[in-house]
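The values are calculated or read from the model by the stated rules, or taken from the named source; none is laboratory data. Quantities reported herein were computed from a predicted structural model and do not represent experimental measurements. Reconstructed Cβ throughout: ideal geometry from the backbone, glycine too, with neighbour counts over all protein chains shown.
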Amino acid sequence: MQIGNAVPEEPCQCPDCQRFYREHDRLIRENPTLRQQQELNWAALQSFRTLAGRVMEDLQKQQDASEAQAQALPAGAAPAEPDPLQQALADLENINAHLFSIEVLMERIFDVRVPEEVEQKFRELAGELAPDPLNADRLRLNRLLHQTPDLPDRG
């Protein structure tokens, strides 16, 4: 096993990870079937796209107003520093593009239907997974939360 891919042996106790563990367990307990997980993930994706899209619209209006004010400045006025609002808009546009791609992929998930016996297996295993602090998925996410360079430092 490579060191970079090693899964920690103990769950992290930082507040971010603890919040994730609680949410992870709650989502499994409250949505213990394939169909419920499909619907939950679709709703989460759509709410993310809706909110991000609305924020982009509002920021774009703000940006347009700022640009109009800048054009009204006298000819000798010094140009403003690089606009963090413009960078935020570019980042949100990238996020929205990624969310759209995920949506297209997730549509394929809805093509899957399983028999009731399989849904029952989901329910059975949900009871085992939700309270398991050493669940491999939790531990992998724990590693990602603490090693992803573009996330803010959690320490």
**Prompt:** Looking at segment 103-116, is at least one residue within 16 Å of GLN38 (Cα to Cα), among the hydrophobic types (A, V, I, L, M, F, W, C), modelled with pLDDT of 85 or more and more than 25 Å from the chain's Cα centre (by Cα)?
**Reply:** yes
**Fill in**
Here the qualifying pairs (Cβ atoms under 8 Å; residues six or more apart or on different chains; first in segment 10-24 and over 17 Å from LEU129 (Cβ atoms); second surrounded by 10 or more Cβ atoms within 10 Å (Cβ to Cβ) and charged (D, E, K, R)) come out as CYS14/ARG154; ASP16/ARG154
**Residue check, LEU92 out of contact with any Cys (no Cβ under 7 Å at 6 or more places or on another chain), at pLDDT 65 or above and not small (Gly, Ala, Ser)** = yes
**Prompt:** Among all residue pairs at least 6 apart or on different chains, which show Cβ distances below 8 Å where the first residue, located in segment 106-135, is over 21 Å from TRP42 (Cα atoms) and among the charged types (D, E, K, R) and the second is surrounded by 13 or more Cβ atoms within 10 Å (Cβ to Cβ) and modelled with pLDDT under 90?
**Reply:** ASP132/ARG138
